[in-house]
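Notes to accompany the following structure.
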Amino acid sequence: MSRHPEVKWAQRVDKVFITVSLPDSKNAKVNLDPEGVFTFSANAGADSNHYELKLDLHDKVNVEESKINIGVRNIFCILEKAEKGWWKKLLRGDGKAPHYVKVDWDKWVDEDDDQGLGDLDLGGMDFSNFGNMGGMGDDPGEFEDSEDEAADQELNKTEEQDAKKEDTEEKK
């Protein structure tokens, strides 16, 4: 019986990033079909368990321009979309994504903020080793700003209350 590895994904207008998390995998095989079918298989673990998955991607991909890096801890794929545009989700169909498919928030960029690879941290990966293959999303800076604004507003309220108390005490 085969198992499913954890899969994380993110996208840009022209690419989809898929990371298959499977440390110490052996005999890893990745196949990508132009129609958008992504398959993966490998063995891993002390008992050499068999892992596999088949993902019917939301749309077609450009196999020739897509890249893969099989590392010690994971398999990282950059899939070039056949047509530029934002996918509503990773997989075809109306169903919910399987439990082992998750959004990679470390690589995620909102559609409005997409400017290519710009500030994407790829952890020092060496792209020269790549070979050709055969909701939330709030900007943390915005969250920090809103916290600062809330703190400033609270401080202003406290100062106003203190000033009112002083005026009241002076009048007595």
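The values are calculated or read from the model by the stated rules, or taken from the named source; none is laboratory data. Everything quoted here is computed from the prediction, not taken from an experiment. Neighbour counts run over all protein chains shown; Cβ positions are idealised from the backbone, glycine included. All accessible areas refer to the heavy atoms of the entire protein, side chains included, with ligands and DNA or RNA removed. Shrake-Rupley method; radii C 1.70, N 1.55, O 1.52, S 1.80 Å.
Considering only residues that are part of a strand (DSSP E or B), closer than 23 Å to residue 26 by Cβ and aliphatic (A, V, I, L, M), which ones fall in segment 43-77?
Correct list: 44, 53, 55, 68, 70, 75.
Any chance you could count how many residues in segment 1-20 are hydroxyl-bearing (Ser, Thr, Tyr) and at pLDDT 95 or above?
1
Checking residue 66 against (1) over 18 Å from the mean Cα position of the chain (by Cα); (2) surrounded by 15 or more Cβ atoms within 10 Å (Cβ to Cβ), only one condition comes out false. Which one?
Going through (1) over 18 Å from the mean Cα position of the chain (by Cα); (2) surrounded by 15 or more Cβ atoms within 10 Å (Cβ to Cβ) one by one, residue 66 breaks only (1).
Being open to solvent by less than 70 Å² (accessible area, probe 1.4 Å) and either assigned to a loop (DSSP other than H, G, I, E, B) or in contact with a Pro (Cβ under 8 Å, 6 or more places away or on another chain) (or both) is true for just one of 17, 40. Which residue is that?
Exactly one of 17, 40 is open to solvent by less than 70 Å² (accessible area, probe 1.4 Å) and either assigned to a loop (DSSP other than H, G, I, E, B) or in contact with a Pro (Cβ under 8 Å, 6 or more places away or on another chain) (or both), namely 40.
Name the pairs whose Cβ atoms lie under 6 Å apart, with the first residue in segment 87-105 and assigned to a loop (DSSP other than H, G, I, E, B), the second aromatic (Phe, Trp, Tyr), and 6 or more positions between them or separate chains?
Sorted first by the residue in segment 87-105, then by its partner, the pairs are 90/9; 104/9.
Let me confirm something: among 88, 81, 60, 96, which residue is farther than 19 Å from residue 4 by Cα and at pLDDT below 95?
88
Could we say that residue 50 is farther than 30 Å from residue 113 by Cβ, open to solvent by 60 Å² or more (accessible area, probe 1.4 Å) and out of contact with any Ser or Thr (no Cβ under 9 Å at 6 or more places or on another chain) here?
no
Can you tell me which residues in segment 99-126 are at pLDDT 60 or above and open to solvent by 80 Å² or more (accessible area, probe 1.4 Å)?
If the condition is that a residue be at pLDDT 60 or above and open to solvent by 80 Å² or more (accessible area, probe 1.4 Å), then 99, 102, 105, 106, 111, 112, 113, 115 are the ones that fit.
Kindly establish whether residue 9 is out of contact with any Gly (no Cβ under 7 Å at 6 or more places or on another chain), surrounded by 14 or more Cβ atoms within 10 Å (Cβ to Cβ) and in a loop (DSSP other than H, G, I, E, B).
Details: out of contact with any Gly (no Cβ under 7 Å at 6 or more places or on another chain): yes; surrounded by 14 or more Cβ atoms within 10 Å (Cβ to Cβ): yes; in a loop (DSSP other than H, G, I, E, B): no.
The answer is no for residue 9.
Could you check segment 9-36 and list, in sequence order, the residues that are within 22 Å of residue 99 (Cβ to Cβ) and within 19 Å of the chain's Cα centre (by Cα)?
9, 10, 11, 16, 17, 18, 19, 20, 21, 22, 23, 36, listed by residue number.
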